[in-house]
Amino acid sequence: MMTPISKLIALEADVDGERLAINEIFFDSSSGALRHLALHVDDWISGSEALVPTDFVERPRPQDGLWPVNVDRDTVEQAPRWSHEDTEQHDDAGSIFDLSNWPPLIVGPFGGTYAPMLLQAQLADEGVTNSPGTAERELVDPDSDPALLRGLARASEWLGREAFGDDGMLGTIADLLVDTEAFRVTHLVLRTADAGERAVPLSRFRYTAKGGSHAVLSGGIAGLAQEPTPESLTGST
């Protein structure tokens, strides 16, 4: 059964019987794997949050409002630190042609319509970039350890982000669904204009536009009605 990531962030981490707020969840947007929880530790070290790898947490217990953490308070105090001020986000495409600010659809000289963001995705897939190596989907770079969160996405920044497909805007990302057995994001919950809320597989995610303004997915508007509703995957009514 899936759980919305918004509900997981609303839980409290249980550390030695002490409840700590979970301020962020970092995940790999390629595989969906959850990697780190950012725990609020302002009472201990002002202005920063402790990063706890998901290897050290148990399955969440939404019924109790808790997410048990298998480390003691001293270990959390010694964990790497992250703060919102240290976050720097980059788009993953690195395209030499930045088409993210173009209209979703344009009409060509012979009356045909074209999707600029689809063109950008195709260029990225073909390796047309302005930087060598494999492009990263998102980059979060805390001063304490520049490599620790590199390539990971912040869950909270995905919520409310617009999503575009092959033929224009698909909707707004209302939530992410997490398989709490596998600790993996499996679906994006899209709030659409015509099909209501639909759970779209994360595998359709292609890249985040420059500046994080929107996400680009494969597929078009017509297929949204065939995707499951989030309620059918979470068991909620």
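Here are a few things to note about the model shown:
- Rg/Rg_ref, segment 1-79, where Rg_ref = 2.2 N^0.38 Å and atoms are Cα: 1.04
- Our note on the geometry: Cα centres of segment 206-237 and segment 11-44, 25 Å apart.
- Neighbour net charge for ALA38 - beta-carbon separation under 10 angstrom, K R +1, D E -1: 0
- Annotation: amide H of HIS214 within the under-5 Å range of ALA209, sequence separation 5 or more or interchain, hydrogens built in the peptide plane.
- Highest average first, the peptides 157-169, 216-228 ordered by how many other beta carbon atoms sit within 10 Å of their residues are 157-169, 216-228.
- Simple spin-label estimate for SER236 and LEU66 gives 2.2 nm between the two label positions (7 Å along the Cα-to-Cβ direction from each Cα).
- Translational diffusion coefficient (Stokes-Einstein; Kirkwood radius from C-alpha pairs) of segment 182-235 at 20 °C, 1.002 mPa s, in µm²/s: 178 µm²/s
- Point-to-point label distance, ALA222-GLU181, nm (Cα→Cβ direction, 7 Å offset): 3.5 nm
- Between amide H atoms placed 1.01 Å from N, distances below 5 Å from GLY171 occur with ALA163, all of them 5 or more places distant or on a separate chain.
Every read-out reported here was derived from the displayed coordinates using simple, explicitly stated rules and does not represent laboratory data. These numbers come from a predicted model, not from an experiment. Ideal geometry is used to build each Cβ from the backbone, glycine not excepted, and the neighbour counts take in all protein chains shown.
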